[in-house]
Amino acid sequence: MNDVYAALKHFFSQVDNVVVNDGKGAQGIKHAGKMFAMFYKGDLTLKFSPERVTELIESGQGLPHDPGTGKSMKDRILIPASQSETWIELTEESLEYVSKKKGINDLPWRNYPSLFDHIKNNLDSNGKLTDWGNKLPDESRRYKEGELRWVSGGMDGAFSHHFGGNQKTIAKIVNLTQVISAKGRLEDKIEVYHILLKDNLMEYIDPTLEKIINLEVYPEPYLHNWAKWLAFESPDRGTVKFGIALLGLIRDKRDFDKLMILGKHEEFTLYVAVAITNIFEESEAYLWELAKHIHGWGKIHLVERLSETDNPEIKKWLLYEGYKNSVMYEYLAYICATAGDLIKELSNRHPDTKLLKSAGEMIEALINGGPAEDISNYKDAAKVIQLYLGHTLGKVYTIDQLLTLHTIQSYLSNKETNWKELSRNGWMDDLRANLLGDINRELSLPVWRNLVNEKKYSADNDEFWKVDQAANIFGIDMWDVHWKKLLDKPNDSSHWYHIMKSANNERIDQVLELAMKKIDINKIFTGAEDNMGLGKDYKLHHCLDFIIQGLDKYPGKGVNLILAALKSPVTRNRNMAIGTLNVWGYEYITDDIKKLIVKAKKVEPDADTKKNLNNLLKRQFIE
């Protein structure tokens, strides 16, 4: 006769500090002499807090337990045999709850909410993460209010090519993982958890996984359950990432659906992409599906993994949508232009409008260059730009097109570029001269200036930003437009940025008068602190950033604002004030100003800022 509890007994027979009682009397699992798991008529009963019992019942993971008294027990739940695949995992959780050695509040994960559940519960009807879902519950434990933090996936994205890490940390995690796979002890899991809480996994994950693979490590009965708990139950991002990585090694396809949910948060996309690639020999379709639901660092990682595709649908998607991301188009423009075969699509006689818009955006990104391959690496550069201009000159009149043409114009007219070297990309002198002439004639048409004047009052922020760029191309004065926007929203730092750019000697007094009316300097400049000034409480400090920085062009103007900024709690404000005084020159630093600088130096908490104040007094140049 089969023993339905066999796997459970085997698992916990190797766990320290528990006793499996399958002899006479009540049968189950004991801790500290008390039974917390009972084998009950082919089912399993477990001890939990009343709140957890309610949660498990409501989620369909268990049933109320009536021992025959006609009344359900508040601290017990019945897990039927039909759900025996959850017995080990839930019994581990029950053991943690009843443990005397480590009370639940002493465990590093405590009763914090699962990150997986947070993500799952914050997906919209299209399967995309909501804005609220993007903020993980562990942020309040990881960061202080106003503290600088990475964008989701940003830290792993920035260091994704950095390997090696601390060898002691690697050895520790590898050894503990091996022990957990053999014995499943709680104390070992706690020790690993504390290491993973630092969330610096990218520094050592590759060599760690390589060493684990080379060891004699078995997924069952402990490691797989622990990996699933880390990935799908734990409340901290570092532990979730390690759980995902382990699941990628274990390669159980039953974990796929949950991994895809985790992958929809940019913080975990890179790890999920690697895990899915390990689990499936043909993973391209899954990576593509995931890439459609995200837009930041996670999308960058996924598109990089789609660069060798032969799938015509994916190729088309790369050209139309793949390059778009919220970090920088420059990261993916080259990959998508080459993998998507942009030159082939533009060689068609009548490419559609959407393709032309995408082509323009990719060309701009390639010319702008940055962190990835750019226009100098693109062997089809000359032909692609020639084809693009052939399809759009005299036919497309939009602000986007104007900006793209200006970018190409600046690129083709750059005399410092080694055009002889770039002949490998198809750039011949006569072709470049002809294309530049075509663009110059096109931009000389009055239709473009009229378009800018027509659009300069746009209420759409994204469009207005582009219109403002276009206005600079033609020297169109946007002062009145920016002034009106500033009057409407004087606490919006972007408006102060634009107004200081548009200011001149005749306008600066008007700007400073408004600043003194709208910004209560006595209220916000409360004394020097070591403060980065991030968050909603520092909106006015951000406004002062642009005013103080812009005053370097107007010696002697706005002295009261600059001196008040030396008392700002935000270090950045104080440094900008010092920088402006430094640009003005010593002749503008009066005796009264010197006294205030001396006073500011005495209370300055930042060593570099104090050094700059001292250099200012000594008439030494500040970089």
Would a scan of region 361-372 turn up a residue that is open to solvent by 30 Å² or more (accessible area, probe 1.4 Å), farther than 24 Å from G296 by Cα, assigned to a helix (DSSP H, G or I) and not charged (D, E, K, R)? no
Give me the residue from region 562-597 that is over 13 Å from A528 (Cα atoms) and of a type in the set (S, T, N, Q) and, out of that set, nearest to the chain's Cα centre (by Cα). T580
Output for region 343-354, where each listed residue is surrounded by 15 or more Cβ atoms within 10 Å (Cβ to Cβ) and either in contact with an Asp or Glu (Cβ under 7 Å, 6 or more places away or on another chain) or modelled with pLDDT under 95 (or both): I343, P351
Kindly indicate whether any position in region 381-397 is in a helix (DSSP H, G or I), hydroxyl-bearing (S, T, Y) and surrounded by 17 or more Cβ atoms within 10 Å (Cβ to Cβ). yes
In region 308-341, which residue that is part of a helix (DSSP H, G or I) and among the hydroxyl-bearing types (S, T, Y) is nearest to A365 (Cα to Cα)? Y329
How many residues does region 556-575 hold that are open to solvent by 40 Å² or more (accessible area, probe 1.4 Å) and either aliphatic (A, V, I, L, M) or closer than 18 Å to N614 by Cβ (or both)? 3
The condition from (1) without any contact (Cβ under 8 Å) to a residue 24 or more places away in the chain; (2) more than 32 Å from the chain's Cα centre (by Cα); (3) surrounded by fewer than 17 Cβ atoms within 10 Å (Cβ to Cβ) that W483 misses is numbered (3)
Only listed residue being within 16 Å of the chain's Cα centre (by Cα), open to solvent by 10 Å² or more (accessible area, probe 1.4 Å) and modelled with pLDDT of 95 or more, chosen from Y286, Y329: Y329
Would region 73-81 turn up any residue that is touching a residue at least 60 places away in the same chain (Cβ under 8 Å) and not β-branched (V, I, T)? yes
If we keep just the residues of region 92-141 that are crowded, with 18+ Cβ neighbours inside 10 Å and of a type in the set (A, V, I, L, M), which is modelled with the lowest pLDDT? V98
Looking at region 253-283 only, could you name the residues that are of a type in the set (V, I, T) and either under 24 Å from Y320 (Cα atoms) or open to solvent by 30 Å² or more (accessible area, probe 1.4 Å) (or both)? I261, T269, V274, T277
Determine, yes or no, whether I250 is touching a His at 6+ places or on another chain (Cβ under 6 Å), without any contact (Cβ under 8 Å) to a residue 60 or more places away in the chain and buried (at least 17 other Cβ atoms within 10 Å of the Cβ). yes
I'd like the residue in region 487-537 that is under 29 Å from the mean Cα position of the chain (by Cα) and on the phi > 0 side of the Ramachandran plot and, out of all such residues, is surrounded by the fewest Cβ atoms within 10 Å (Cβ to Cβ). G535
Pairs where the first residue, in region 209-237, is without any contact (Cβ under 8 Å) to a residue 60 or more places away in the chain and the second is open to solvent by less than 60 Å² (accessible area, probe 1.4 Å) and not in a helix (DSSP H, G or I), C-beta under 8 Å, 6+ apart: P219/D252; L223/V217; H224/D252; W226/G184
I need the helices (runs of 4 or more DSSP H) fully contained in region 409-490, keeping only those with at least 1 residues that are closer than 30 Å to Y538 by Cβ. 461-474, 479-488
Condition (residue is in a loop (DSSP other than H, G, I, E, B), open to solvent by less than 60 Å² (accessible area, probe 1.4 Å) and in contact with a Lys or Arg (Cβ under 9 Å, 6 or more places away or on another chain)) applied to region 12-30: is it met by at least one residue? yes
What number of residues within region 192-207 satisfy the criterion of being touching a residue at least 60 places away in the same chain (Cβ under 8 Å) and among the hydroxyl-bearing types (S, T, Y)? 1
I need the full set of residues from region 577-612 which are in contact with an Asp or Glu (Cβ under 6 Å, 6 or more places away or on another chain) and crowded, with 19+ Cβ neighbours inside 10 Å, in order please. T580
Output the residue which, of all residues in region 424-460 that are open to solvent by less than 50 Å² (accessible area, probe 1.4 Å) and among the small types (G, A, S), is nearest to Y378 (Cα to Cα). G426
Which of (1) under 30 Å from V18 (Cα atoms); (2) buried (at least 20 other Cβ atoms within 10 Å of the Cβ) does K183 not meet, given it meets every other one? (2)
Which members of region 342-358 meet the condition of being outside any helix (DSSP H, G or I) and touching a residue at least 24 places away in the same chain (Cβ under 8 Å)? S347, P351
Among the numbered criteria (1) part of a loop (DSSP other than H, G, I, E, B); (2) open to solvent by less than 70 Å² (accessible area, probe 1.4 Å); (3) of a type outside the set (V, I, T); (4) at pLDDT 90 or above, which one does G146 miss? (4)
For region 332-342, what are the residues that are open to solvent by 40 Å² or more (accessible area, probe 1.4 Å) and in contact with a helix residue (DSSP H, G or I) (Cβ under 8 Å, 6 or more places away or on another chain)? Y334, D341
Among the residues in region 506-513, are any of a type in the set (D, E, K, R), under 20 Å from I399 (Cβ atoms) and not in a helix (DSSP H, G or I)? no
Over region 253-307, the set of residues of a type in the set (K, R), assigned to a helix (DSSP H, G or I) and within 21 Å of T130 (Cβ to Cβ) is K258, K299
Residue ID - farthest from G426 (Cα to Cα), chosen from residues in region 398-412 that are touching a residue at least 60 places away in the same chain (Cβ under 8 Å), open to solvent by 10 Å² or more (accessible area, probe 1.4 Å) and not β-branched (V, I, T): D400
Scanning region 204-227 for residues that are more than 14 Å from T177 (Cβ to Cβ) and open to solvent by 50 Å² or more (accessible area, probe 1.4 Å) gives D206, E220
Scan region 423-459 residue by residue and report those that are within 16 Å of F474 (Cβ to Cβ), within 38 Å of the chain's Cα centre (by Cα) and of a type in the set (K, R). K455, K456
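The values are calculated or read from the model by the stated rules, or taken from the named source; none is laboratory data. Worth saying up front: this structure is predicted, and the values here are computed from it rather than measured. Positions of Cβ are backbone-derived with ideal geometry, glycine not excepted, and every protein chain shown enters the neighbour counts. With ligands, DNA and RNA removed, areas are computed over all heavy atoms of the protein, side chains included. Shrake-Rupley method; radii C 1.70, N 1.55, O 1.52, S 1.80 Å.
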